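The values are calculated or read from the model by the stated rules, or taken from the named source; none is laboratory data. The shown structure was predicted, so the numbers you read here are calculated from the model rather than taken from an experiment. Positions of Cβ are generated from backbone atoms using ideal geometry, with glycine treated the same way; all protein chains shown enter the neighbour counts.
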Amino acid sequence: MWRAVRLAVLIFILATVAQTAWLARARVADWKETLRVVLYPIDAGGSSATAQHLATLSAETFLPIETFLRDEAARYALPLKRPVELRLGPRVASLPPLPPRDVGPAGAILWSLQLRFWAWRNDRYDGPRPHVRLFVLYHDPAHSVRLPHSIGLQKGMLGVVNAFATPAQEGPNNVVIAHELLHTFGATDKYDLATNRPVFPDGYAEPARNPPHPQDQAELMAGRIPRSPVQAEMPASLGEAVIGTKTAREINWLR
Ligand SMILES: [Zn+2]
């Protein structure tokens with residue numbers, strides 16, 4: 001009896017989540033109105049350097065993301081002049097639930113439910129309701145050399161981004177934030193998960209270039225600039241990134 005009730009409750013929750021996600025994407029996909037994206041900074045490490053860096057953040061820090069999307073949308077002749085509007089939300093004191101390591105689809109669904117629940121409980125933003133919420137965890141570069149993987153829930157309009165708490169990293173941080181933001185709009189990764197190298201041709205900024213290497217820009221969803229068939233580099237800023245045609249199709253900028 002209780003098993004059946006528990007199962008029914010679980011199915012109800014999953015159906016609700018699926019429907020909300022579908023509605024969110026259906027609303028977002030038509031690009032008829034500017035989408036409100038709110039960034040919530042989180043101190044991931046608790047060092048004084050991170051705290052100091054968080055105090056310097058303003059809406060201006062993230063303006064290059066808005067400008068990048070506006071310019072790229074214009075390149076694809078999107079009628080909407082300002083696709084997204086970025087706002088800086090309040091700082092969040094609690095840390096989001098960690099994504100599971102190597103569990104199947106059930107684990108991933110459970111984690112995405114936990115994340116949504118956590119986001120719902122910790123969202124103190126009092127402006128107009130955001131379409132997309134991005135939680136940005138700042139790490140002290142003196143303590144963490146490599147960052148955990150960032151995640152943009154493809155159907156959740158929600159992302160968790162890992163960033164370095166130093167002014168020198170603001171350019172690369174904005175690349176990662178824009179990448180995860182595009183995941184929430186339905187864009188897929190365009191790099192090889194085993195090697196981190198961009199996948200040809202969709203992960204190349206200029207796939208028609210002959211010879212194909214070296215390239216001098218990154219396709220945003222590939223995340224790196226292919227300098228040679230075996231070597232790829234992180235762009236220093238969004239100035240070295242573009243949105244490729246496959247990504248543009250996935251986010252509904254091209255039909
Ligand atoms: Zn990705």
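Here are the numbers:
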| read-out | value |
| --- | --- |
| Qualifying residue in the stretch 214-226 (condition: at pLDDT 95 or above, of a type in the set (Val, Ile, Thr) and either surrounded by 20 or more Cβ atoms within 10 Å (Cβ to Cβ) or not in a loop (DSSP other than H, G, I, E, B) (or both)) | yes |
| Near pairs, Cβ below 6 angstrom, 6+ apart or cross-chain, from the stretch 125-150 (of a type in the set (Lys, Arg)) to any residue that is crowded, with 22+ Cβ neighbours inside 10 Å | Arg133/Leu158 |
| Residue among Ala4, Ala55 that alone is at pLDDT below 85 and of a type in the set (Gly, Ala, Ser) | Ala4 |
| Selection count where residues are farther than 19 Å from His179 by Cα and either within 16 Å of the ligand (Cβ to nearest atom) or hydroxyl-bearing (Ser, Thr, Tyr) (or both), scope the stretch 209-226 | 0 |
| Of the criteria (1) in contact with a helix residue (DSSP H, G or I) (Cβ under 7 Å, 6 or more places away or on another chain); (2) within 24 Å of Leu69 (Cα to Cα), which one Tyr125 fails | (1) |
| Output for the stretch 227-241, where each listed residue is outside any loop (DSSP other than H, G, I, E, B) and away from the ligand (no atom under 16 Å from the Cβ) | Arg227, Ser228, Gln231, Glu233, Gly239, Glu240 |
| Residue within the stretch 196-204 that is assigned to a loop (DSSP other than H, G, I, E, B), at pLDDT 95 or above and away from the ligand (no atom under 16 Å from the Cβ) present | yes |
| Some residue of the stretch 84-102 being within 15 Å of Met157 (Cα to Cα), acidic (Asp, Glu) and assigned to a strand (DSSP E or B) | yes |
| Residue match in the stretch 213-223 (condition: over 15 Å from the mean Cα position of the chain (by Cα) and polar (S, T, N, Q)) | yes |
| Spans of strands (runs of 3 or more DSSP E) in the stretch 124-171 with at least 2 residues more than 14 Å from the ligand (Cβ to nearest atom) and surrounded by 13 or more Cβ atoms within 10 Å (Cβ to Cβ) | 132-139, 158-164 |
| Output for the stretch 172-195, where each listed residue is among the polar types (S, T, N, Q) and within 12 Å of the ligand (Cβ to nearest atom) | Thr184, Thr188 |
| Matching residues, the stretch 151-184, being without any contact (Cβ under 8 Å) to a residue 24 or more places away in the chain and either of a type in the set (Asp, Glu) or touching a Lys or Arg at 6+ places or on another chain (Cβ under 7 Å) (or both) | none |
| Test: residue in the stretch 109-123 that is part of a loop (DSSP other than H, G, I, E, B), within 26 Å of Ile13 (Cα to Cα) and modelled with pLDDT under 95 | yes |
| The stretch 174-195, residues that are small (Gly, Ala, Ser) and at pLDDT 95 or above | Ala178 |
| Test for Gly107: is it away from the ligand (no atom under 16 Å from the Cβ) and without any contact (Cβ under 8 Å) to a residue 40 or more places away in the chain | yes |
| Single unsatisfied condition, Ala187 versus (1) assigned to a helix (DSSP H, G or I); (2) touching a residue at least 24 places away in the same chain (Cβ under 8 Å) | (1) |
| Number of positions in the stretch 50-75 that are buried (at least 16 other Cβ atoms within 10 Å of the Cβ) and in contact (Cβ under 8 Å) with a residue 24 or more places away in the chain | 11 |
